[in-house]
Amino acid sequence: MPKVTSRTQLETLPLHPDRVATHSDVALLPTPTMMSRISMRSQVAKTVSTCYSVLRQLRTIRRSVSRSVLQSLVSALVLSRLDYGNSTLAGVSSHLLSRLQSVMNAAARLIFSSSRFHMQHITQLLRQLHWLKAPEQIAFKQSVLVYKCLHGSAPATY
């Protein structure tokens with residue numbers, strides 16, 4: 001019996017009543033849980049890459065604009081990307097959340113012109129900006145969606 005490597009091959013496999021498929025006949029197919037982890041990993045990687053690219057572009061103009069304008073640009077171009085669809089990230093690994101958090105930390109350091117090795121802790125910068133950390137943002141967004149669902153003001157898709 002040939003090795004099966006895709007679902008299509010598995011569905012078109014001829015079945016013989018006297019032959020039982022063994023574990024060695026079927027290659028390990030990705031489960032839905034594995035696929036969701038892979039897709040979330042690629043989604044987070046793409047988001048992080050895009051956000052860092054925007055931060056590099058903003059770093060070139062940071063001396064030409066005021067801090068409030070830079071904060072508005074970071075909010076519009078970076079935080080909006082991080083916030084978009086982040087309620088789907090509930091339950092992802094802490095590694096993926098730390099990658100998202102690193103983007104927020106870099107954005108805060110850009111706004112305050114602070115280096116990674118500066119004495120001021122990143123938590124203080126985030127508080128000054130009134131930003132929640134990545135896991136807290138996800139929990140907050142889910143809480144708001146639940147509140148809206150319970151009170152009838154949620155979008156039709158929920």
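Hey, any hits in the range 66-79 for a residue that's without any contact (Cβ under 8 Å) to a residue 24 or more places away in the chain, farther than 21 Å from L126 by Cβ and either small (G, A, S) or not assigned by TED's automatic domain parsing to the domain that holds L132 (or both)? Walk me through how you get there before you give the answer.
Going residue by residue through the range 66-79, those that are without any contact (Cβ under 8 Å) to a residue 24 or more places away in the chain are 66, 68-69, 72-73, 75-77.
If we keep only those that are farther than 21 Å from L126 by Cβ too, we end up with none.
No, every residue in the range 66-79 fails to be without any contact (Cβ under 8 Å) to a residue 24 or more places away in the chain, farther than 21 Å from L126 by Cβ and either small (G, A, S) or not assigned by TED's automatic domain parsing to the domain that holds L132 (or both).
Inside the range 65-84, can you point out the residues that are under 20 Å from R41 (Cα atoms) and in a helix (DSSP H, G or I)? Quick ask: steps written out before the conclusion?
Taking the range 65-84 as the starting set, the residues that turn out to be under 20 Å from R41 (Cα atoms) are 78-84.
Result: V78, L79, S80, R81, L82, D83.
If you go through the range 85-123 one residue at a time, how many are of a type in the set (S, T, N, Q), surrounded by fewer than 12 Cβ atoms within 10 Å (Cβ to Cβ) and assigned to a helix (DSSP H, G or I)?
Within the range 85-123, residues that are of a type in the set (S, T, N, Q), surrounded by fewer than 12 Cβ atoms within 10 Å (Cβ to Cβ) and assigned to a helix (DSSP H, G or I) number 2.
Would you confirm whether or not the range 134-146 contains a residue that is surrounded by fewer than 15 Cβ atoms within 10 Å (Cβ to Cβ) and outside any helix (DSSP H, G or I)?
No: zero hits.
The values are calculated or read from the model by the stated rules, or taken from the named source; none is laboratory data. All figures in this text were calculated on a predicted structure; none of them were measured in a lab. Virtual Cβ from ideal backbone geometry, glycine too; neighbours counted across all protein chains shown.
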